[in-house]
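Heads up: the structure comes next, in structure tokens.
The values are calculated or read from the model by the stated rules, or taken from the named source; none is laboratory data. Note that the coordinates shown come from a computational prediction; the quantities given were computed from them, not determined experimentally. FYI the Cβ positions are ideal-geometry reconstructions off the backbone, even for glycines, and counts take in every protein chain you see. The accessibility values were calculated without ligands, DNA or RNA, using every heavy atom of the protein model including side chains. Shrake-Rupley method; radii C 1.70, N 1.55, O 1.52, S 1.80 Å.
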Number of protein chains: 4
Amino acid sequence: MKPVLRVGLIGSGFMGKAHVFGFAAAERVFDLPFRVELAVIADATMAQAEAARAALGFARASDDWRSMVADPDIDLVDITAPNALHKEMALAAIAAGKHVYCEKPLAPLAADARAMADAAEAAGVKTQVGFNYLCNPMLRLARAMIEAGELGEIRGYRGLHAEDYMADADAPWGFRHDPAGGGALADIGSHALATAEFLIGPVATVMGDCVTVIGSRPDGQGGSRAVAVDDIGRAFLRFANGASGSIEANWLATGRKMQHDFEVWGSKGALSFSQERFNELHFYSTDDAPGRRGFRRIEAAPDHAPYGRFCVAPGHQLGFNDLKAIEVAGYLDAIAGGAPEPFNFRAGLRIQTLVEAIHASSGARAWRDIPAG
Amino acid sequence: MKPVLRVGLIGSGFMGKAHVFGFAAAERVFDLPFRVELAVIADATMAQAEAARAALGFARASDDWRSMVADPDIDLVDITAPNALHKEMALAAIAAGKHVYCEKPLAPLAADARAMADAAEAAGVKTQVGFNYLCNPMLRLARAMIEAGELGEIRGYRGLHAEDYMADADAPWGFRHDPAGGGALADIGSHALATAEFLIGPVATVMGDCVTVIGSRPDGQGGSRAVAVDDIGRAFLRFANGASGSIEANWLATGRKMQHDFEVWGSKGALSFSQERFNELHFYSTDDAPGRRGFRRIEAAPDHAPYGRFCVAPGHQLGFNDLKAIEVAGYLDAIAGGAPEPFNFRAGLRIQTLVEAIHASSGARAWRDIPAG
Amino acid sequence: MKPVLRVGLIGSGFMGKAHVFGFAAAERVFDLPFRVELAVIADATMAQAEAARAALGFARASDDWRSMVADPDIDLVDITAPNALHKEMALAAIAAGKHVYCEKPLAPLAADARAMADAAEAAGVKTQVGFNYLCNPMLRLARAMIEAGELGEIRGYRGLHAEDYMADADAPWGFRHDPAGGGALADIGSHALATAEFLIGPVATVMGDCVTVIGSRPDGQGGSRAVAVDDIGRAFLRFANGASGSIEANWLATGRKMQHDFEVWGSKGALSFSQERFNELHFYSTDDAPGRRGFRRIEAAPDHAPYGRFCVAPGHQLGFNDLKAIEVAGYLDAIAGGAPEPFNFRAGLRIQTLVEAIHASSGARAWRDIPAG
Amino acid sequence: MKPVLRVGLIGSGFMGKAHVFGFAAAERVFDLPFRVELAVIADATMAQAEAARAALGFARASDDWRSMVADPDIDLVDITAPNALHKEMALAAIAAGKHVYCEKPLAPLAADARAMADAAEAAGVKTQVGFNYLCNPMLRLARAMIEAGELGEIRGYRGLHAEDYMADADAPWGFRHDPAGGGALADIGSHALATAEFLIGPVATVMGDCVTVIGSRPDGQGGSRAVAVDDIGRAFLRFANGASGSIEANWLATGRKMQHDFEVWGSKGALSFSQERFNELHFYSTDDAPGRRGFRRIEAAPDHAPYGRFCVAPGHQLGFNDLKAIEVAGYLDAIAGGAPEPFNFRAGLRIQTLVEAIHASSGARAWRDIPAG
């Protein structure tokens, strides 16, 4: 009989729902080390919490996250509340000895993220930040190929995360436009940075170029409010292994919905990927015969774990929510002690550190070293 | 408080699991008219059934589908047993007044499928056959665009379903090679036919070309066994509305994993689609300005219901299992009386009728009319 | 010093101009066995002929093709006049001992094409029909790969030639709508058939499905004129080597400008091609490692002769007119005796034979054997 | 009767041949203001020059470019000699009053390029540098769309020129590895810069990141020779109109043969282009109806001048050499006074200025302003 893992979820908005989908799907798709019990859902008001409880299948509802976090009948606290609250909630949960699963960004400031990571490690609880693009079997394949030397020595990298959800200049000012932690680089460039380090290893030095294009937005009250965050954030990168690269974050990329792309070149091969078609990885190898070389469109298949958990036939394709199930399953394996944490608070801190370094570099118009660790 | 729908599932293999995923996901993604209770799972032996019960979360296990089907505490019987058993199981369930959900093909022979459809209609129960590709929001968009006249008058159609799962001539003889209902046309051509009629309307006349390429396969006992089913099945089509078209089914299409494609041309527009990238629909319109025309890659988004149920942001992509959730949700709406059955036994019979007509036409080397209804 | 080849061209319209481009480019790109002399251009009137002479660089102009064809100072007669005149002109040129280059179709009726081929062979002159898509280095690569067994045993084929130049129902009746030789199958299906036989070998049996969609067109005088030719022509094919396939010709394919595509599957590999991107050939091989297989986009390069004649660097791409230069060079090599004729009148007859057999099959609604040779 | 333009060509290597193809094709495809006479070809030795004369159809051969440049029977001097000789040859030709057509780069150093541009303008002769990618009808379409406001206000740009012709570390040291003017940025980044300014307008400020990856190469004599030029050159850009962007030049991009790509986003539309498929331009417009938006693949057609000069039918595709013909035609129109010079020495200087500024910025690890003009 599997042990039970009792989940307390804070927040019932889009990401809260996505986490519940993730837990539910993970339980049926994977052979999890726990039976997941959706114990408590907490939201700002009892009415919201109760509605979410009924819709999402939790046992209890709460309008008091503090008492929920302290509840001895909760094993894991899952935080999908607004970013500004992540730190307080996580530290309270860690103090109560809970495992903590927190949506990205871990915290708007690296210093806060560091405090959270330090606390979790001191307490010995398992943590996770939701960087679900990394859970894609094709990204794992890409990393495995790079590590196995299928591309030879890695020489260069180009990463990208572009969407157009801020392209409408008439859309109102919102929390993402707050200089404390917002902007395209923090919001989606964080994904580009996570993928870059996932594939190539640590970044050592950066040169940033962060640009505000839409300088003010409607404040919803007939006036306008200044926007100081970056709409486009670019960076040159030097990796610790000597390779160079670049990333771009862009939330004004009209027409682009999910251009989380990369291209990496090695001395004997290359990979090209777009999240727009994330069940494919394109691979070029100089091992192929002359006259027969070309980028090869590898389609996700049971060869590429854990795709086979979802479907026994190749080419049927995973969806975005399936990536969330993989994320959950990896985290639960880590809690059970069977594997390292896939993307813990320390990793989340790392991304914030990179974002802040790029911002600082852009402001200073100068290269900046990334502190190790 | 929502009424409960108690499900009894027969079969715990790949499709059984996929159905459970579908029920679980549907319940969290959609606002279903029922609360689904996974009541009983039946399999060939008690050991298999009990293992599946524990893994998939059913309340009870059974090794006797007959008694499960007659159980007054079951509302819906879900059949994912081997094709040859579909008829007996479904008729028993219908006789007991249950709603019946049956994996495709409904039955190897159209005559059997007809008996099942007749029985279900006489009993007034709701039925469903699993043609999940039709549940794709982009296919629904395609149909809506055609119906709204966005392509003008429909002039031609080309459909396809090609995979390579039978391309290895050394793979052993299996139940799909049995002339009673097997072959590429029945197995996957059925999808191409379902999509053709979904988009363009009823087929009136067919000319078939069914080819056996690999004439015998290993019998698993050191010998070989003759294969008489089609490896490639082609048909010319005349639709009732006067348009002409063609389909091809091919399970020897080396390299193809999910080439369920179509292209349709009208007097003022065209659509092109591939299941290989099923979150996209390509649309050409002569309404665009000269010099600015081209096939437009529309990415699945909340604009295309029910995509928004899964994700509030465009371009994040649905997966194969999500299509199953849409299939379940549509069926439950029909059971609740809120919508017509999306693909009932009569529709399943229709596909078998088309398959048999194409086989007969190919054998006779002559065009064949499709009986109406 | 190279011998001179004196060309007499009949017709100065689009194809006449394209032939001149072809001769001019071939001379500079290839090391031709002749120095080409643009000796005489003949057109319907002296004014037209003289204008073309000046524009295209011929030495003399003529309004009398008969005397030009008989002129002892002409070595090669190049016919780009209307189809209905091909036979008379070609037979006269052959009778005068000239080599004859004739635009496709060789003649509207196979019987006429046969007379032309017979005459040329009896006279020992070299002939050529302009099927320039076959001159594409990527098509030659495809054939070489098939012949070398890189795909294993060939199991199936799907070919296509779709455009939309007749999609406007208000466009007036023209010579292509004349039942004597017109229609989509004759006009562009001929290309699909030529490619099919180029790659797979002779077709042995066909079943046709030719459809008239737009039954009448404006006659340019306020009335309308009936159209009896096929707008869409489909065929099932059986090749002499036992493989099966299909082709489709469609000139109502709204949005398609050059969908001359094919896909061929063998026991260990497959090829996919589209003329829309004709500098690419997509190749799938089961020789690739499991988990690393996929269609590989091979880009035209100096590896693929005669690409290197045009450009020493890969990926720079050939254009449509470059294919014409390759066509000319191959023909001149044949005239010099260094190679067989690439696509002579006998080959042109073959295509007409196939077209007529498909038309006849469609009319009779029955399969038809193709006469050998 | 058209006036004659007598061409003297220096150099008979790949680019010399390409220029001759360009002249020959331009003369037949366009209605040029001159009749081009291939008068003299000069090369290092008389043997080389004579061989080239015979092969390429020049009237005379020469091993003395100086006397050719001074020859009163020459109107236009076309320089395809090694880069290091461009300046001396061009100044001599300008001094003799000739029009000068020079392959790119105009000169390894901006100061030299400036002297050449100044001299040409003082002498009133017409000049041209060969930036043929800009001659693509689809790039001209892109610029026209941007200028017409079809994308709205321009907000960002990403450009690229990546190939893999230097990816083999065992390939020997060559002139492109010489710090005086070589490197990926100068060699192919120059194209990326030219396209960026062609589309968006002048660059005002740059931040460079130039990286040497392969530090030494075989010297062809058993030893090795240090390489100091950039293998990868990146730059952030600020355009004079306020938009920001980036470019990357990379000659180690394994698998890439012609990745001259760009993407540009405006407030109401976007364009995406790849030279890998240079007969296509992808256009997204927010003017399209919601639910029907997507990148639209516009194929080159007679709508997009001067495509129609080459082919009257859409989608047939231009090749690389056709772009050279367009380049020649534009230059000859300028010589005849009918149009401004498409890409004169001043424009060539501009590109060298940008390249030097990016190199300087990279070396100084600091942003650099671009001098106007």
B:Ala39 neighbourhood, Cβ < 10 Å, K/R = +1, D/E = -1, net charge -2
Distance in Å, no decimals, from the C-alpha centre of region A:7-44 to the one of region B:347-373 is 48 Å
Cα-Cα pairs in region B:96-229 separated by more than 17 Å, as a whole percent of all pairs, come to 70 percent
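What per residue convex hull volume, in Å³, do the alpha-carbon atoms of region A:4-132 yield? Mind showing how you got there, number by number?
Values: hull volume 12.4 nm³, N = 129.
With only Cα atoms used, region A:4-132 gives 96 Å³ per residue.
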By the mean-Cβ-within-10 Å protection proxy, highest first, D:182-192, D:61-71, B:290-300 rank as D:182-192, B:290-300, D:61-71
Counting other chain Cβ atoms within 10 Å of each Cβ in A:255-267 and taking the mean gives 6
For chain A, one quarter of the surface area of the C-alpha convex hull, expressed in nm², comes to 19.9 nm²
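Return one whole number: the accessible area per residue of region A:4-132 in Å², for a 1.4 Å probe. It would help to have the intermediate numbers written out before the result.
Working: 4570 Å² over 129 residues.
Here the per-residue accessible area is 35 Å².
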Hull surface over four for the Cα convex hull of region C:183-306, reported in nm², is 10.7 nm²
Here the correct list, in nm and shortest first, of distances from C:Gly97 to the same site in the other copies, label points 7 Å along Cα→Cβ, is 5.4, 10.0, 11.0
Counting only DSSP beta bridges with both partners in chain C, the antiparallel fraction in percent, to the nearest 5, comes to 60 percent
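Taking the DSSP beta bridges in the protein assembly as shown as the whole, what percent of them are antiparallel, to the nearest 5? Each step should come with its number before you reach the end.
Working: 170 of 282 bridges.
The antiparallel fraction comes to roughly 60 percent.
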A student applying the Cα gyration tensor rule (rounded when a/c is under 1.5; otherwise prolate if a/b is larger than b/c, oblate if not) would label region D:268-339 prolate
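How much accessible area is lost when chains C and B come together, counting both sides, with a 1.4 Å probe, in Å² rounded to the nearest 100? Don't jump to the answer; show the numbers that get you there.
Values: alone 15900 and 15880 Å², together 28520 Å².
In total, chains C and B hide about 3300 Å² from solvent.
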Note, region C:234-240: 3J(HN,Hα) by Karplus (6.51, -1.76, 1.60, θ = phi - 60°), whole Hz, Gly/Pro = x, goes 10, 8, 7, 10, 10, 7, 4
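Just checking the output field for A:280-291: average partner chain Cβ neighbours within 10 Å of each residue's Cβ? Spell out each step's value before the answer.
Numbers: counts 3, 2, 4, 6, 7, 6, 5, 2, 6, 4, 2, 9.
The mean count of partner-chain Cβ atoms within 10 Å per residue comes to 5.
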Computed over the Cα atoms of the protein assembly as shown, the Rg and Dmax in Å are 34.3, 107
Here the FRET efficiency for A:Met1 versus D:Asp170, based on Cβ atoms and R0 = 60 Å and rounded to 0.05, is 0.45
Summing +1 per Lys or Arg and -1 per Asp or Glu among the other residues with Cβ less than 12 Å from B:His304's Cβ gives +2
At the level of C-alpha centres, the distance separating region B:89-122 and region C:330-344, in angstrom, is 66 Å
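So what is the relative contact order for region C:260-373, in percent, with contacts set as C-alpha pairs under 8 Å and at least six apart? Mind dumping the intermediate values first?
Values: 116 pairs, mean separation 12.7, N = 114.
In percent, rounded to a whole number, it is 11.
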Taking a straight Cα-to-Cα line shorter than 25 Å from D:Lys104, and setting aside same-chain lysines fewer than 8 residues away, one finds D:Lys17, D:Lys87, D:Lys126, D:Lys257, D:Lys324
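Taking all protein chains as present, what is the carbon and sulfur share of the accessible area of chain A, in % to the nearest whole number, probe 1.4 Å? Intermediate results must be reported in sequence, preceding the final value.
Numbers: 6310 of 12100 Å².
Using a 1.4 Å probe with all protein chains present, chain A comes out at 52 percent carbon and sulfur.
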For region B:41-60 the residues that are at least 50 Å² less accessible with all protein chains than alone, 1.4 Å probe, are none
Among C:Gly159, C:Gly97, C:Gly255, the residue with the largest mean-square fluctuation in a Gaussian network model of chain C built from Cα contacts under 10 Å is C:Gly255
One finds, for D:Asp64 and C:Asp73 with R0 = 25 angstrom and r their Cβ-Cβ distance, a FRET efficiency to the nearest 0.05 of 0.05
Whole-Å distance linking the alpha carbon centroid of region B:157-186 with that of region B:218-279 is 11 Å
homo-copy label distances at C:Ala372 (7 angstrom along Cα-Cβ), nm, one dp, ascending, are 5.0, 7.9, 8.2
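Ignore the peptide's own chain and count Cβ atoms of other chains within 10 Å of each Cβ in D:206-212; give me the average, rounded.
Numbers: counts 0, 9, 2, 9, 1, 8, 1.
Mean partner-chain Cβ count within 10 Å for D:206-212: 4.
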By the C-alpha gyration tensor axes a ≥ b ≥ c (rounded if a/c is under 1.5, else prolate when a/b exceeds b/c, else oblate), the shape of region C:78-160 is prolate
Expected response for nearest chain C Cβ to the C-A rotation axis, distance in whole Å, is C:Arg296, 2
Applying the span-like rule to chain A (DSSP H, Cα extent along axis at least 18 Å, Kyte-Doolittle mean at least -0.5) gives A:14-29, A:110-123, A:320-335, A:345-364
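Of B:Ser216, C:Ser362, which has the most accessible area with a 1.4 Å probe, and how do the rest follow in descending order? Intermediate values should be presented prior to the final figure.
On the way: B:Ser216 55, C:Ser362 25 Å².
From most accessible down to least: B:Ser216, C:Ser362.
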Summing -39500 (n - 2.57) over every DSSP H run of at least 4 residues in chain B and dividing by its residue count gives a helix-only mean residue ellipticity at 222 nm, to the nearest 500 deg cm²/dmol, of -10000 deg cm²/dmol
Under a Gaussian network model of chain C whose springs join Cα atoms within less than 10 Å, the largest fluctuation of C:Pro33, C:Pro202, C:Pro72 belongs to C:Pro72
Per the C-alpha gyration tensor (a ≥ b ≥ c, the square roots of its eigenvalues), region C:250-373 is rounded if a/c is under 1.5, else prolate if a/b beats b/c, else oblate; here it's oblate
Shortest first and in nm, the label-point separations between C:Ala148 and its counterparts in the other identical copies (7 Å out along Cα→Cβ) come to 2.6, 4.7, 5.1
